[in-house]
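Chemist: Just dropping this structure here.
The values are calculated or read from the model by the stated rules, or taken from the named source; none is laboratory data. This is a predicted model, so every value here is computed, not measured. Cβ placement follows ideal geometry from the backbone for every residue including glycine, while neighbour counts extend to all protein chains displayed.
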Amino acid sequence: MFVQPLFAENALVYAIQNATTEGKITVIALLLLSLFSWTIIITKFRQLLIARQATKNFFAAYNATRDPLEIRRQGLEFEGAPAYQLYIRGADEMTFHLENNAVPMQVAAPSSPENGQADTAFLARSTPTKISMPSFEAVKVVLEEAAGGEAMALERGMIVLSTAVAGGPFIGLLGTVWGVMATFAGIAASGGATLKAMAPGVAAALVATVTGLLVAIPAMFAYNFMVTTIRHLTQELDGFASRYANQIEHVYVDHRPLAEEIRTANEALAGRIVGALKSNETTALVES
C-alpha cells in the first residue's frame, strides 16, 4: 500500500510534497540563487564573447599604424573592447595636453621612409608639437585608472557565481540536516522507526542537497571558464597599457635637455614679440 505511490509519482515531486516548511524555504532560496546565477552566466558569457572579438579587432587596427593617436583621428570605434576604452581615455587626455600644454618643436623636414610607411623614429622627428614629462605623467595616471576600471567592469557580477559555487552545497546541506532532524524528532514522538515513517522525511531532506548541487555545479564550470577568460583579458589590458604609454612617450613626449627647451622657448617668445612689433608698425603706417 505504501510503495505504490513511489512508482506512480515522480520522486522529486514526492519529496517536495513531503518537505517541511524549513526544507521548502531552503529549496526556494536555492532556486532564487540559481536564477541570479544563470542571469550572470548568460550576461557575462555574452559580454566576454563580445570583449574577446572586439579586442581582437582593435589590436589588429592598432598594430596596423605607428601613430598611437591615429585610430582616434580616424574616428574608429570598437565597442565592447576593454583595451579600446583604455585607448580612448588615454587619447582624449593626450589631445587635451597637445591642445593646451603643447611644447612646440623645431622640425627639420625629414626624408620620407623608404617603404612608404612611417615608423616610430620618423614620426618622432616629424611631430611639430609634443608634451612635457609632467603632462605625460598625467596621461599615465589616466591609463592606470582606465585599466583598473575596465578590470573591475570585467569582474563585476562574479561574486554571485562564487557564492553559488561555495554556498549552494552548504545551503542544501543545511536543509538536509534540518529535514533529518525533523524526521528523527517525528520518529521519537511516534515511538516507532518504520520505513513508512522515515521515507518521506528523508526524501524531503535529500532534495535540498540535490538542489544545492544542481545550483553549484553549473556555476562552478561557468565560474572557472569566465575567471580564466577575464584573467587573459586583464593581462592583455595591462600589457597594452604599458605598450601604449611607451609609444606615446616615443612619439609625443619632449626629451630635450632643459637648456635646449629654455632656448627654444625664448626664441619662440622673441619671434612673437617681433611679430607683434611689426604688426603695430604696419597699423601705424596705415593710420598715418
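Chemist: Restricting attention to segment 58-77, which residues are part of a helix (DSSP H, G or I) and either farther than 18 Å from residue 239 by Cβ or of a type in the set (Lys, Arg) (or both)? Quick ask: steps written out before the conclusion?
Modeler: Step one: list which residues in segment 58-77 are part of a helix (DSSP H, G or I), which gives 58-63, 70-74.
Answer for segment 58-77, where residues must be part of a helix (DSSP H, G or I) and either farther than 18 Å from residue 239 by Cβ or of a type in the set (Lys, Arg) (or both): 70, 72, 73, 74.
Chemist: Separate question: Of all residues in segment 158-172 being surrounded by 16 or more Cβ atoms within 10 Å (Cβ to Cβ) and among the hydrophobic types (A, V, I, L, M, F, W, C), which is nearest to the chain's Cα centre (by Cα)?
Modeler: Residue satisfying both the conditions and the ranking: 158.
Chemist: Being surrounded by 15 or more Cβ atoms within 10 Å (Cβ to Cβ), part of a helix (DSSP H, G or I), within 47 Å of the chain's Cα centre (by Cα) and at pLDDT 80 or above: is that true of residue 179 here?
Modeler: Working: surrounded by 15 or more Cβ atoms within 10 Å (Cβ to Cβ): yes; part of a helix (DSSP H, G or I): yes; within 47 Å of the chain's Cα centre (by Cα): yes; at pLDDT 80 or above: no.
No, not satisfied.
Chemist: Just to be sure I understand the filter: pairs with C-beta atoms under 8 Å, separated by 6 or more residues or on different chains, first member in segment 30-58 and at positive phi, second member acidic (Asp, Glu). Which pairs pass?
Modeler: none
Chemist: Sticking with this structure for a sec: For segment 17-26, does any single residue satisfy the condition of being at pLDDT below 90, part of a helix (DSSP H, G or I) and of a type in the set (A, V, I, L, M)? Can you show your working first?
Modeler: Of segment 17-26, the ones at pLDDT below 90 are 17-26.
Restricting the remaining residues to those that are part of a helix (DSSP H, G or I) gives 17, 21-26.
Next cut, of a type in the set (A, V, I, L, M) only: 25.
Checked segment 17-26: at least one residue is at pLDDT below 90, part of a helix (DSSP H, G or I) and of a type in the set (A, V, I, L, M).
Chemist: Scan segment 182-195 and tell me whether some residue there is at pLDDT 75 or above and assigned to a helix (DSSP H, G or I). If you could, list the steps in order and put the result at the bottom.
Modeler: If we filter segment 182-195 for residues that are at pLDDT 75 or above, which is where we start, we get none.
Within segment 182-195, not a single residue is at pLDDT 75 or above and assigned to a helix (DSSP H, G or I).
Chemist: Only one residue in 237, 206, 214 is of a type in the set (A, V, I, L, M, F, W, C), more than 20 Å from residue 62 (Cα to Cα), crowded, with 17+ Cβ neighbours inside 10 Å and modelled with pLDDT of 70 or more, so which one is that? Steps first, answer last, please.
Modeler: Numbers: 237 fails: more than 20 Å from residue 62 (Cα to Cα); 214 fails: crowded, with 17+ Cβ neighbours inside 10 Å.
Exactly one residue qualifies, and that residue is 206.
Chemist: Got a sec? Which of 134, 128, 110 is on the phi < 0 side of the Ramachandran plot and at pLDDT 80 or above? Give the steps one after another, and end with the answer.
Modeler: Values: 128 fails: at pLDDT 80 or above; 110 fails: at pLDDT 80 or above.
Result of the check over 134, 128, 110: 134.
Chemist: Okay, moving on. Could you check how many residues of segment 70-104 are under 19 Å from the mean Cα position of the chain (by Cα) and of a type in the set (Asp, Glu)?
Modeler: 2
Chemist: Right, another one. For the list (1) within 30 Å of residue 141 (Cβ to Cβ); (2) buried (at least 18 other Cβ atoms within 10 Å of the Cβ); (3) more than 16 Å from the chain's Cα centre (by Cα), I need the number of the one condition that residue 243 fails.
Modeler: (2)
Chemist: Same structure, new question: Please verify whether segment 74-91 includes one or more residues that are farther than 30 Å from residue 231 by Cβ and either surrounded by fewer than 18 Cβ atoms within 10 Å (Cβ to Cβ) or modelled with pLDDT of 85 or more (or both). Working first, answer last.
Modeler: Restricting attention to segment 74-91, the residues satisfying the condition of being farther than 30 Å from residue 231 by Cβ are 74-75.
This time we only want the ones that are either surrounded by fewer than 18 Cβ atoms within 10 Å (Cβ to Cβ) or modelled with pLDDT of 85 or more (or both), so: 74-75.
Checking segment 74-91: at least one residue is farther than 30 Å from residue 231 by Cβ and either surrounded by fewer than 18 Cβ atoms within 10 Å (Cβ to Cβ) or modelled with pLDDT of 85 or more (or both).
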